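Following: one structure in structure tokens, then a few remarks.
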Amino acid sequence: MTLTVRLLGRPEIAAGDEPTYRFRSQKSWAALAYLLLADQPPSRRRLAQLLFDATEDPLRALRWSLAEVRRGLGPDAILEGDPVVLVLPPGAVVDVDVVTRGSWPDALHLPGLGAGLLDGLNVRGAAGFESWLLSEQQRISAASEAVLHEAAQGLMARHELADALRCAERVVQMSPLDENNQALLIRLQRMMGDEAAAERQFATITRLLVEELGVLPGVAIESAMRETAWRPSPVTGSVSIEAILESGGAAVAAGATQSGITSLRSAVGLADLSSDRGLQVRSRLMLAETLIHSLRGMDEEGLAALYEADEIAASDGIAPLQAEISAELGYVDFLRGRYDRAELRLDVALALAGDAPWVIAKAHTYKGSAESDRAEYSNALISLHTAITHARVAGDPRRETYATTMIARIHVLRGDTEAAANRLHDAIAMGERDRWLAFLPWPQAFLGEVELARGDVEAAELILSQAFARACQLGDPCWEGVSARGLALVADARGATDRAFELLAEARIRCNRLADPYVWLDAYIIDAQCQLGRRHRHPDTAQWVEVMHRLSSRTAMREMTVRSLLHAAAHGSPGAAAGARLLATAIDNRALAAAADNAGVLTT
């Protein structure tokens with residue numbers, strides 16, 4: 001019989017359809033959950049301190065709980081050693097693993113999908129565990145939302161619209177202010193021909209955004225409102241549309257993005273009238289790449305095109321195109337902070353890429369970037385160096401520039417200014433040689449921070465001002481946000497404290513003004529707000545710390561979570577320092593570990 005461990009909702013262990021041993025202590029559930037979800041096996045002393053620090057004999061109490069966990073899992077499970085290693089029997093299913101790393105069809109069958117992690121569990125006298133559990137609950141909630149969103153897109157691509165609509169409604173209930181969720185629901189309502197429902201939903205989200213955020217719906221929702229009712233396309237003879245695809249791609253490359261989009265949408269429609277399945281996939285892939293990379297705020301429509309392309313390619317076994325589709329899907333999940341889903345997609349891309357160096361370079365670039373966001377720095381460096389190797393083989397200098405910048409960012413976060421500066425100068429030189437001026441504000445912003453860390457305020461201000469000016473000319477929210485963050489730190493270094501806080505608030509507005517922001521960057525900007533807020537005793541600091549912790553926990557940005565806990569500890573939050581020390585042990589960053597050990601002030 002298959003062993004199933006359910007941690008979503010009311011926790012339960014079952015063998016087949018029958019529940020098994022019921023734990024007598026809630027701390028046994030706490031121990032099991034930690035062993036299943038922690039980044040690495042904990043030592044017995046660490047686990048005992050985490051769960052039983054308030055008891056007279058923590059190690060004895062831990063032995064009792066581990067014995068109960070062993071009885072609950074049955075004789076085929078392995079639970080032993082120091083560090084404590086848990087190995088479930090072959091074929092065992094953990095519902096949280098399905099949500100984070102499984103397929104969306106499997107996740108939809110979970111009875112606890114959408115429920116809270118260890119719902120109702122009350123563990124007393126374990127402040128460090130409570131801090132960890134709160135972070136994990138937020139992460140798993142975000143993962144449930146992500147897999148439901150993925151299910152809605154996948155079902156929509158299969159034209160199973162009623163089931164897709166139900167998933168979209170659940171996603172909207174979980175995050176009603178997320179414009180991408182609202183756009184998905186409205187698009188499905190219109191595809192089903194229910195224009196009245198779409199109009200009501202549009203009115204509801206408009207009112208909600210105005211009341212809560214003071215903004216109107218963005219381009220993603222506006223695009224969804226233009227969706228037409230779905231009807232099966234007639235299949236006719238092959239239609240030659242290569243010229244339309246070429247003209248659309250050329251228009252986008254020349255900067256005429258809207259004109260190119262129109263051509264590519266037309267190409268998709270014409271491809272659907274043909275029997276050429278490869279053409280149907282390629283036209284959708286080109287449209288999606290343009291919507292995602294060239295026209296900010298349109299990721300949701302791009303995702304719809306990618307899921308349709310993936311469905312066609314999978315049914316026809318078109319592996320090379322499937323690899324590119326999976327890489328693009330992984331990229332969007334990376335931007336949105338859905339890292340488990342991103343890495344799942346990128347691993348699929350690599351498995352299907354064969355010997356195509358441009359696909360391998362793309363997938364490893366995004367994979368390394370996602371790993372870096374999660375503070376998995378050793379893995380990130382391997383992925384990014386692999387990306388550079390294949391980018392050179394493919395003759396893709398822009399991919400090499402991107403990967404080099406992300407390597408430099410790791411050095412910035414670790415406080416290695418010399419290595420960071422060398423890599424950033426290399427990236428800027430490569431970007432200038434290839435005339436990729438639209439990318440330069442990203443490495444320039446980090447180089448400005450490096451110069452500031454070295455104490456050269458003049459050089460930092462010059463570099464960051466240039467980056468900000470270029471970002472504003474391009475209208476890129478991410479580049480504007482990161483360079484404005486750097487300028488805020490420069491203003492603080494010059495003693496212009498009020499201006500520094502104004503720039504940080506402006507940086508957040510800039511980087512989040514569209515529906516598809518880079519979530520890690522938002523956390524990075526809030527971290528600067530918390531740093532300056534603590535230094536200058538700003539009255540909003542506690543609120544910023546709470547926002548940062550919630551955001552970083554939901555997305556499993558491990559370093560940002562540690563930083564948020566250190567900010568919280570400085571404000572006297574119980575358990576925050578212990579939680580920071582616990583999480584920092586799994587991160588390869590000496591500067592962060594030192595700050596966590598001292599439970600003191602972060603320096604960047």
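The values are calculated or read from the model by the stated rules, or taken from the named source; none is laboratory data. A quick note: this is a predicted structure, and the numbers were derived from the prediction, not measured. In this analysis, Cβ positions are derived from the backbone assuming ideal geometry, glycine residues included, and neighbour counts consider all displayed protein chains.
Tabulated data for the structure shown
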item: Unique match (being on the phi > 0 side of the Ramachandran plot and not small (Gly, Ala, Ser)) among 435, 454, 414; result: 435
item: Test: residue in the range 569-577 that is of a type in the set (S, T, N, Q) and within 16 Å of residue 127 (Cα to Cα); result: yes
item: Pairs with Cβ under 9 Å, 6+ apart, first in the range 26-45 and assigned by TED's automatic domain parsing to the domain that holds residue 119, second part of a helix (DSSP H, G or I) and among the polar types (S, T, N, Q); result: 27/65; 28/65; 30/65; 31/65; 32/65
item: Any chance residue 135 is modelled with pLDDT of 95 or more, small (Gly, Ala, Ser) and within 17 Å of the chain's Cα centre (by Cα); result: no
item: Given (1) modelled with pLDDT under 95; (2) buried (at least 21 other Cβ atoms within 10 Å of the Cβ); (3) aliphatic (A, V, I, L, M), index of the condition residue 591 fails; result: (2)
item: Filter pass, residue 220 being at pLDDT below 95, hydrophobic (A, V, I, L, M, F, W, C) and not assigned by TED's automatic domain parsing to the domain that holds residue 174; result: no
item: Which listed residue, of 516, 522, is buried (at least 22 other Cβ atoms within 10 Å of the Cβ) and assigned to a loop (DSSP other than H, G, I, E, B); result: 516
item: Count - residues of the range 258-273 that are polar (S, T, N, Q) and surrounded by 19 or more Cβ atoms within 10 Å (Cβ to Cβ); result: 1
item: Some residue of the range 453-466 being outside any loop (DSSP other than H, G, I, E, B), modelled with pLDDT of 95 or more and of a type in the set (Lys, Arg); result: no
item: Count of the range 77-91 residues which are in a loop (DSSP other than H, G, I, E, B) and free of Cβ contacts under 8 Å to residues at least 60 places away in the same chain; result: 5
item: Any hit, the range 19-29, residues being on the phi > 0 side of the Ramachandran plot and touching an Asp or Glu at 6+ places or on another chain (Cβ under 7 Å); result: no
item: Residues (in a helix (DSSP H, G or I) and either charged (D, E, K, R) or in contact with a Phe, Trp or Tyr (Cβ under 9 Å, 6 or more places away or on another chain) (or both)) located in the range 394-405; result: 394, 397, 398, 399, 400, 401, 402, 405
item: Residue within the range 236-248 that is surrounded by fewer than 18 Cβ atoms within 10 Å (Cβ to Cβ) and closer than 19 Å to residue 292 by Cα present; result: yes
item: Pair list, Cβ < 6 Å and 6+ apart or interchain, from the range 419-445 residues that are free of Cβ contacts under 8 Å to residues at least 24 places away in the same chain to residues that are assigned to a helix (DSSP H, G or I) and among the aliphatic types (A, V, I, L, M); result: 423/407; 423/408
item: Residue list for the range 272-296, filter: closer than 20 Å to residue 179 by Cα and in contact with a Pro (Cβ under 8 Å, 6 or more places away or on another chain); result: 296
